[in-house]
Each structure stands twice: as C-alpha cells, then as structure tokens.
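Reading through the structure tokens given below for one structure.
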Amino acid sequence: MYNAEMAGEQIGSVCLAEVVAVEQSAAGSGFLADVDVLRRELGLAGQAFEVVASACRMIGVPAEGGLVAQAAACRAALVGGPRANPSDDAFVTEPNYTAYTGKALHAPAAAQMDRGFPIAGREGPLRLTLASHPGQALTLEGDCCCPFPPPVFVCCCSGVRLGDEHRAMQVVYNPFRGQLLRPEACNQRIHNSWENFVPNNEVNSFHCGCFDCDHHESWTLYSDGTIHSKYHPELVLGARDDGKLCLVRQEDQRRRLALLRRTRQSLRAGLRRRVLGRAHEVRRRPEGR
C-alpha cells in the first residue's frame with residue numbers, strides 16, 4: 001500500500017543528500033550565498049532545497065538542472081548577478097538527480113551553457129534597441145492594412161529589419177501571453193510568418209482581424225537579452241545578412257539579437273517588485289486561508 005508520509009520522507013532524504021553534496025563541493029559557498037539571498041529577499045524558510053523550489057515557483061524560473069543552477073537563476077532574476085555555470089552541477093550524482101527530478105542526468109550541451117534563463121519581467125513598453133548590434137535597433141519598414149471579408153475585416157502588417165537606434169520600434173510586452181504588441185498599429189504583434197519554425201524564417205509585425213495566433217506570436221525574454229520562441233525555445237530572434245528579422249538557432253552568436261542591458265534591468269526590476277509584493281501578501285494572509 002502506498003504510504004504518502006513515507007514517500008515524502010524518502011524524497012526529503014534524497015534532497016538532503018543532494019544539498020550535503022552541494023555544500024561539500026567547490027560550488028557550495030556560492031550556492032549557500034544564493035540561498036541566503038532568496039531567504040532574505042523572499043521571506044522564505046526551510047531547508048535549502050525547499051527554499052530553492054519555492055523561489056522557482058514564485059519567480060517563474062524553470063526547475064531544470066541541479067540545485068546550484070536553480071538557485072543562481074533565481075538570485076540573478078531577483079537581484080541581478082551572473083548565473084552559475086551549469087557545469088557546477090557535475091557533483092550531483094545520477095541516482096540522486098534521477099530520483100529527485102525523474103529525469104536522467106546529462107552533461108549540458110554547449111548551446112545550453114551559452115544561453116541565459118527566462119525572465120518573466122513586467123508588463124509595459126519596450127524599446128527594441130540592441131546590445132548585440134551597437135547603435136542599431138529593430139525598426140519598421142512601413143505599415144500596410146488591407147480590407148478582408150468578415151469575419152477577418154482587415155489584416156495589417158509591416159516588415160521588421162535592423163536600422164538606426166533613433167528609429168527603434170516600441171512594443172508593449174505582455175508577460176502572461178508572451179506577446180510583443182503594437183497597440184497603436186491595429187494591435188499588430190511580432191509574428192513568426194506562416195508558423196514555420198525553422199532558421200531564416202521571416203518574422204514581421206502582423207495582426208489579422210480579431211484573431212490571436214499564440215503559437216507563433218508568443219515569445220520569452222531571457223536574461224542575456226535574447227528573445228526566444230515560447231514554444232520552440234531553441235529558436236531566437238535574429239537578423240539575416242540583409243538585415244531582415246528572422247529566426248535563428250540560439251547558438252548562432254553572429255546573427256542572434258540581444259536587447260540592451262538597461263532594458264533587461266528594467267524588466268528584472270519589475271519582476272523583483274512583483275515577486276516581493278506577492279511574498280508580502282502571502283505573509284500577511286491569515287492562517288487557514
């Protein structure tokens with residue numbers, strides 16, 4: 001017969017064993033410092049693995065990799081700072097990792113080690129100036145609207161390409177749906193054309209009638225400034241050699257685009273305010289509710 005209490009104790013023992021391995025490793029001091037930051041900033045208590053799991057849920061950081069990577073990702077999303085190298089998780093043993101996560105432990109690929117982590121950020125305007133291309137930004141080629149029969153009524157679009165930073169396009173970021181919207185232009189949004197998720201496929205500004213196409217209009221902002229397809233995160237926004245906006249693989253450092261640091265800091269600051277506000281509400285909530 002299944003004993004939930006005994007199962008919980010066994011999982012806790014596995015997690016504690018992993019924490020002991022962390023503390024005894026070279027990465028242990030950095031890990032414990034990250035956990036202390038999460039405890040202090042989010043008002044969390046409990047064992048280190050419990051603090052990290054709670055922080056991942058509150059901040060929206062995927063619970064992937066070992067405890068070191070998770071703790072460092074949460075800390076960086078909350079207060080800034082470098083992420084721990086995923087190779088720091090090498091001390092986690094295969095049996096412990098598999099028992100805790102249900103997944104096999106594999107060495108991180110170069111592409112995984114090269115990318116940042118998702119940041120939820122705050123809702124609001126973003127000016128798409130680029131750190132990856134100094135002095136440049138994403139700019140519009142010119143809006144065009146065409147009438148259609150009901151129920152579509154009208155389709156509006158514009159090409160997007162690299163241009164001077166003084167002509168940078170501005171979008172409104174919706175962190176819940178991942179949309180990068182242009183409300184002043186018939187509510188166009190950054191759109192992967194023809195739902196074709198392959199490198200070099202054109203990405204433009206587009207909206208058709210009253211319909212949303214979440215699968216190819218949803219994006220995730222990452223801590224390194226890259227913008228990933230929400231449903232195909234191995235693909236990010238990049239630029240063709242002719243300057244046109246397109247999809248590229250995340251490891252394509254020459255062509256992938258990254259937002260300016262101040263834009264990322266603004267998103268991170270908004271995330272921190274929201275998480276701290278949520279934590280404050282939880283602490284004030286009467287017991288039993």
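The values are calculated or read from the model by the stated rules, or taken from the named source; none is laboratory data. Everything quoted here is computed from the prediction, not taken from an experiment. Positions of Cβ are backbone-derived with ideal geometry, glycine not excepted, and every protein chain shown enters the neighbour counts. Side chains are part of the model used for accessible areas, which takes the heavy atoms of the whole protein and leaves out ligands, DNA and RNA. Shrake-Rupley method; radii C 1.70, N 1.55, O 1.52, S 1.80 Å.
Would you mind calculating the gained length between residue 232 and residue 252 on full extension (0.36 nm times residue separation, minus the Cα-Cα distance), in nm to one decimal? The partial results should precede the final answer.
Numbers: separation 20, 0.36 × 20 = 7.20 nm, distance 1.52 nm.
Extra length available between residue 232 and residue 252 comes to 5.7 nm.
Each peptide in 55-67, 182-194 was scored by the mean count of other Cβ atoms within 10 Å over its residues; highest first, the order is 55-67, 182-194.
Rounded, prolate or oblate, given the Cα gyration tensor of segment 154-239, with a/c below 1.5 counting as rounded? Walk me through the numbers before you get to the answer.
Details: a/c = 1.33, a/b = 1.11, b/c = 1.20.
Rounded shape, in that the Cα axes give a/c under 1.5.
Near residue 218, within a Cβ-to-Cβ distance under 14 Å, what is the net charge of the other residues, with Lys and Arg +1 and Asp and Glu -1? Net charge in that neighbourhood comes out at -1.
In terms of the Cα gyration tensor, with a ≥ b ≥ c the square roots of its eigenvalues, is segment 218-262 rounded because a/c is under 1.5, prolate because a/b exceeds b/c, or oblate?
Details: a/c = 1.72, a/b = 1.17, b/c = 1.47.
It is oblate, given that a/c is not under 1.5 and a/b is not larger than b/c.
Ordered from highest to lowest accessible area with the whole protein assembly present and a 1.4 Å probe, 212, 252 read as 212, 252.
May I ask you to order 42-52, 166-176 by the average number of other C-beta atoms within 10 Å around their residues, highest value first?
Values: 42-52: 17.9, 166-176: 15.7.
Descending mean neighbour count gives 42-52, 166-176.
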